[in-house]
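The values are calculated or read from the model by the stated rules, or taken from the named source; none is laboratory data. Computed from a predicted model, the values in this text were never measured in an experiment. In this analysis, Cβ positions are derived from the backbone assuming ideal geometry, glycine residues included, and neighbour counts consider all displayed protein chains. In case anyone asks, the SASA skips ligands and DNA or RNA and just uses the protein heavy atoms, side chains included. Shrake-Rupley method; radii C 1.70, N 1.55, O 1.52, S 1.80 Å.
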Amino acid sequence: YTTIANREFNMITAENEMKIDATEPNQNQFNFTNADRIYNWAVQNGKQVRGHTLAWHNQQPPWMQSLSGTALRNAMINHIKGVMGYYKGKIPYWDVVNEAFNEDGSRRDSNLQRTGNDWIEVAFRTAHDTDPAAKLCYNDYNIENATYAKTVAVLNMIKDFKARGV
């Protein structure tokens with residue numbers, strides 16, 4: 001795989017090694033061993049790295065799954081600061097939030113969504129404050145068709161965020 005990746009790609013995105021359960025398996029105890037392995041290989045081979053993903057309802061470690069409300073919101077903020085702070089200036093693109101919308105365009109009912117409807121905005125503001133030079137992205141699937149309900153909802157969120165300086 002590395003031969004093909006090295007020959008065919010100029011950017012590497014970790015599939016799982018930068019997700020919450022991998023980078024913060026215990027609260028406030030960060031582990032970048034596997035993420036660093038990917039990052040170091042990419043840099044040694046002249047590739048950029050895209051960070052994936054900082055806030056997601058899946059692949060949360062058990063300690064995070066047991067939190068709710070303000071405690072969960074603060075844990076999300078701390079996680080974003082911890083991971084992005086570690087890679088500040090090294091990773092130019094980040095998937096800040098992953099898969100927060102349902103197919104019908106409504107917000108996915110997740111523990112993060114239940115912390116308040118502004119959780120996505122808070123995630124992006126935290127990410128920007130942590131590494132202002134990084135390009136921040138929202139990541140989802142089934143958003144290729146411009147008239148699809150999920151696509152419209154994501155575009156509306158992005159337009160709103162841009163209009164308000166998020």
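Would you mind working out the magnitude of the charge dipole of the chain relative to its Cα centre, with +1 at each Lys and Arg C-beta and -1 at each Asp and Glu C-beta, to the nearest 20 Debye?
Value, rounded to 20: 420 debye.
For segment 31-166, what is the accessible area per residue in Å² when the probe is 1.4 Å?
49
Considering only protein heavy atoms and a 1.4 Å probe, what is the carbon-and-sulfur percentage of the accessible area of the chain?
Heavy-atom surface of the chain belonging to carbon and sulfur, 1.4 Å probe: 48 percent.
At what distance in nm do the modelled label points of Glu8 and Trp63 sit from each other, each positioned 7 Å from its Cα along Cα→Cβ?
With each label point 7 Å from Cα toward Cβ, the separation is 3.8 nm.
Taking segment 16-104, which GluC sites (Glu not before Pro) meet the DSSP loop condition and have no more than 15 other C-beta atoms within 10 Å?
When the GluC sites (Glu not before Pro) of segment 16-104 are filtered for loop state and at most 15 Cβ neighbours within 10 Å, Glu103 remain.
Springs between alpha-carbon pairs under 10 angstrom, Gaussian network model over the chain: which of Asn98, Asn16, Asn117 fluctuates most?
Asn117
Just from its helices, what would the mean residue ellipticity at 222 nm be for the chain, if runs of 4 or more DSSP H residues each count -39500 (n - 2.57) and the sum is divided by every residue, rounded to the nearest 500 deg cm²/dmol?
Estimated from H runs of four or more residues: -13000 deg cm²/dmol.
At 0.36 nm per residue, minus the direct Cα-Cα distance, what do Asn31 and Asn117 gain on full extension? Give it in nm, one decimal, please.
This chain segment gains 28.0 nm when fully extended.
Would you please put 4-11, 136-143, 64-71 in order of how densely packed they are, using the mean number of other Cβ atoms within 10 angstrom per residue and starting with the highest?
The most tightly packed comes first, giving 136-143, 64-71, 4-11.
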